[in-house]
1. Restricting to region 64-94, count the residues that are out of contact with any Leu (no Cβ under 7 Å at 6 or more places or on another chain), within 16 Å of P47 (Cβ to Cβ) and surrounded by 13 or more Cβ atoms within 10 Å (Cβ to Cβ).
2. I'd like the full set of residues that are touching a residue at least 40 places away in the same chain (Cβ under 8 Å) and either outside any loop (DSSP other than H, G, I, E, B) or of a type in the set (A, V, I, L, M) (or both), limited to region 131-163.
3. Does V79 satisfy being over 14 Å from the mean Cα position of the chain (by Cα), modelled with pLDDT of 85 or more and on the phi < 0 side of the Ramachandran plot?
4. Within region 85-108, track down each residue that is within 13 Å of the ligand (Cβ to nearest atom) and polar (S, T, N, Q).
5. In this structure, does L129 turn out to be surrounded by 11 or more Cβ atoms within 10 Å (Cβ to Cβ) and over 30 Å from I68 (Cβ atoms)?
6. Which is within 16 Å of the ligand (Cβ to nearest atom) and part of a loop (DSSP other than H, G, I, E, B), of G82, G111?
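The values are calculated or read from the model by the stated rules, or taken from the named source; none is laboratory data. These figures come from a predicted structure and were not determined experimentally. Glycine gets a Cβ as well: all are built from the backbone with ideal geometry, and neighbour counts include every protein chain shown.
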Amino acid sequence: MAVSRREFLRAGAGGTALGTMAALGVNLTPTVARAAELRIANAKAVPTICPYCSVGCGMIAHVIDNRIVNIEGNPDSPVNQGNLCPKGAASYQLAVNPNRITEVLYRAPGGTQWEKKPLDWAMDRIAELYKKTRDETFVEKLPDGKLVNNSLGIFSLGGATMDNEWNYAHSKLMRATGVVAIENQARI
Ligand code: SF4
């Protein structure tokens, strides 16, 4: 395709290199499709769900040798039909990231250093402190004798990834232990 210098400068004003090429009538579709094809060539396609929010968009993770090489929207998902919001579209960078923390880090009260701890240790620690706080703040009756059975020393704040079933089970746990301050972030 012959392009004059004037046409090239006019098409390129204010545009990206790709935009410029497209403005000049160059069809980039085969090139882009080929590049994507190469990236996931021989990869195993694993259907999965976006980890960020309870919309639950379907994704396909492409995996080679147990390593994720690409994540994109799943067109078969009735929820998102292949689309992802900007956060979901960036989830590859969440999964494959040298700064991602994959171990429990604990800093003791008053401490200045983070220590690596086993996950079981952290779960037990949370359970112990939860029970201790609940027992210390549990109120069965108000001074006027009114039965309340509550614990105002704990507040529950749920995240956007908690779906209906998880929230149901979580609220059961909270209410069974007397917690009445329960909030949840909806992200829809
Ligand atoms: S809306 Fe965005 S963050 Fe939520 S599940 Fe879908 S892609 Fe993920």
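1. Qualifying residue count for the region: 15.
2. If the condition is that a residue be touching a residue at least 40 places away in the same chain (Cβ under 8 Å) and either outside any loop (DSSP other than H, G, I, E, B) or of a type in the set (A, V, I, L, M) (or both), then R134, F138, A160, M162 are the ones that fit.
3. Yes; evaluated as a whole, the condition is true for this residue.
4. Within region 85-108, S91 is the sole residue that qualifies.
5. Yes: the conditions hold for L129.
6. G82
Yes/no per residue for (1) in contact with a His (Cβ under 7 Å, 6 or more places away or on another chain); (2) outside the structural domain of M162 (by TED's automatic domain parsing); (3) more than 28 Å from W166 (Cα to Cα):
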position	(1), (2), (3)
C53	no, yes, no
D65	no, yes, yes
V69	yes, yes, yes
C85	no, yes, no
Y92	no, yes, no
Y106	no, yes, no
W114	no, yes, yes
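Yes/no matrix, rows are residues, columns are (1) closer than 28 Å to R107 by Cβ; (2) at pLDDT 95 or above; (3) over 24 Å from the mean Cα position of the chain (by Cα):
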| site | (1), (2), (3) |
| --- | --- |
| T133 | yes, yes, yes |
| L142 | no, yes, yes |
| G158 | yes, no, no |
| E165 | no, no, no |
| A169 | no, no, no |
| N184 | yes, no, no |
